[in-house]
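A short write-up of the structure that comes next.
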Amino acid sequence: MTEQELLIDCLQRLNRVNIAYMLTGSMASNYWGIPRTTHDIDFVIQLRQSSIPTLLLAFDDSFFIQESAIESAFRPPYQFNAIDQRSALKVDFWMLREDPFEQTMFGRRLLVQLFGITAWMATAEDVILHKLFWNELNPSERQLTDAAGIVAVQENKLDQDYLRKWATQPSIHKRLDDLLAGCVPPKST
């Protein structure tokens with residue numbers, strides 16, 4: 001199973017059980033920017049504890065997914081994963097937190113067509129910001145390159161006021177200004 005096939009499979013499962021979600025991470029940056037190979041899929045989900053059995057049932061036939069891991073995701077770090085048993089690829093599920101940026105990001109998600117499937121997708125601006133936030137936590141050329149790719153492809157379509165509003169940390173604001181000015185992050189040697 002390819003990454004694309006796995007993504008389609010996951011989207012179909014989430015759509016079928018009507019759990020609110022948003023595709024984010026590398027797959028979202030591939031949609032808005034310059035595609036690259038990735039080895040996992042990232043979803044933010046809005047899940048009530050009473051919906052855990054529904055999620056488990058949706059993924060239990062082809063995935064290694066643990067109820068205890070889902071239950072633990074209601075506490076930091078608010079994440080669990082499912083391993084596709086056909087391909088060994090990983091699907092990361094991040095719980096929607098009460099954080100104002102995450103709530104705004106989730107509220108702005110867009111319904112798009114992705115490989116012929118209806119999908120809830122993080123906006124280009126929110127993927128850029130998310131990549132910059134993650135880079136602050138764990139510096140990575142990949143995060144910056146993904147963000148730069150989105151800026152390069154989306155150019156004048158981006159809501160720069162929104163981007164600047166949420167780029168609150170000085171270092172993130174500086175990186176954002178550099179990206180919007182066309183400064184691509186340097187490659188590591």
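Ranked by the mean number of other Cβ atoms within 10 Å per residue, highest first, peptides 171-181, 24-34 order as 24-34, 171-181. Here the Karplus relation 6.51 cos²θ - 1.76 cosθ + 1.60, evaluated at θ = phi - 60°, turns the backbone of the range 142-149 into coupling constants of 4, 4, 5, 5, 4, 4, 5, x Hz, with x for every Gly and Pro. Could you state the number of Å between the C-alpha centres of the range 47-67 and the range 81-146? About 20 Å separates the Cα centre of the range 81-146 from the one of the range 47-67. The orientation-averaged shadow of the Cα convex hull for the range 1-149, equal to a quarter of the hull surface, comes to 8.3 nm². The candidates Phe80, Phe115, Phe133, arranged from most to least accessible area with a 1.4 Å probe in the full protein assembly, appear as Phe115, Phe133, Phe80.
Based on every Cα atom in the range 1-51, Rg and the maximum pairwise Cα distance Dmax equal 11.9, 38 Å. Taking label points 7 Å from Cα along the Cα-to-Cβ direction, Glu141 and Leu180 give a separation of 2.7 nm. Once backbone amide H atoms are built at 1.01 Å from N, Leu114 has Ala119 as its partners under 5 Å, excluding neighbours fewer than 5 places away on the same chain. With the helix formula -39500 (n - 2.57) applied to DSSP H stretches of n ≥ 4, the chain reaches a computed 222 nm mean residue ellipticity of -14500 deg cm²/dmol.
Lysine pair count for the chain (Cα-Cα distance under 24 Å; residues 8 or more apart in sequence or on different chains): 9.
Sketch the reach of a paramagnetic label on Val153 as a point 7 Å from Cα along Cα-to-Cβ, and name the residues of the range 15-30 whose backbone nitrogen lies under 16 Å away. Of the residues in the range 15-30, 23-30 have backbone N under 16 Å from the label point off Val153. Using the Karplus relation 6.51 cos²θ - 1.76 cosθ + 1.60 with θ = phi - 60°, the per-residue 3J(HN,Hα) values for the range 116-122 come to x, 10, 6, 9, 8, 10, 4 Hz, with x marking Gly and Pro. Protection proxy ranking, highest mean first, for peptides 140-147, 1-8: 140-147, 1-8, where packing is the per-residue count of other beta-carbon atoms within 10 Å, averaged.
Between the residues Val112, Leu132, Ile45, the greatest Cα displacement towards the positive end of the dipole of the chain, with unit charges on the Cβ of Lys, Arg, Asp and Glu, is found for Leu132. Suppose R0 equals 41 Å. What FRET efficiency, 1/(1 + (r/R0)^6) with r the Cβ-Cβ distance, do Asn15 and Ser171 give to the nearest 0.05? It comes to 0.65. Per-residue Karplus couplings for the range 45-56, computed as 6.51 cos²θ - 1.76 cosθ + 1.60 with θ equal to phi - 60°, are listed in order as 10, 9, 10, 8, 4, 5, 9, 4, x, 5, 5, 4 Hz, Gly and Pro entered as x.
By per-residue mean of other Cβ atoms within 10 Å, what is the highest-first order of 118-128, 99-109, 10-20?
Details: 118-128: 22.9, 99-109: 15.1, 10-20: 16.6.
Sorting 118-128, 99-109, 10-20 by mean packing, highest first, produces 118-128, 10-20, 99-109.
Normalising the Debye intensity of the range 62-127 to I(0), with uniform scatterers on Cα atoms only, and taking log10 at q = 0.13, 0.17, 0.22 Å⁻¹ returns -0.49, -0.81, -1.06.
The values are calculated or read from the model by the stated rules, or taken from the named source; none is laboratory data. Computed from a prediction, not measured in an experiment: that's the story for all the values here. When we count neighbours, we look across all protein chains shown, and the Cβ atoms used for this are built from the backbone with ideal geometry, even at glycine. These area figures cover heavy atoms from the full protein model, side chains too; ligands, DNA and RNA do not enter into them. Shrake-Rupley method; radii C 1.70, N 1.55, O 1.52, S 1.80 Å.
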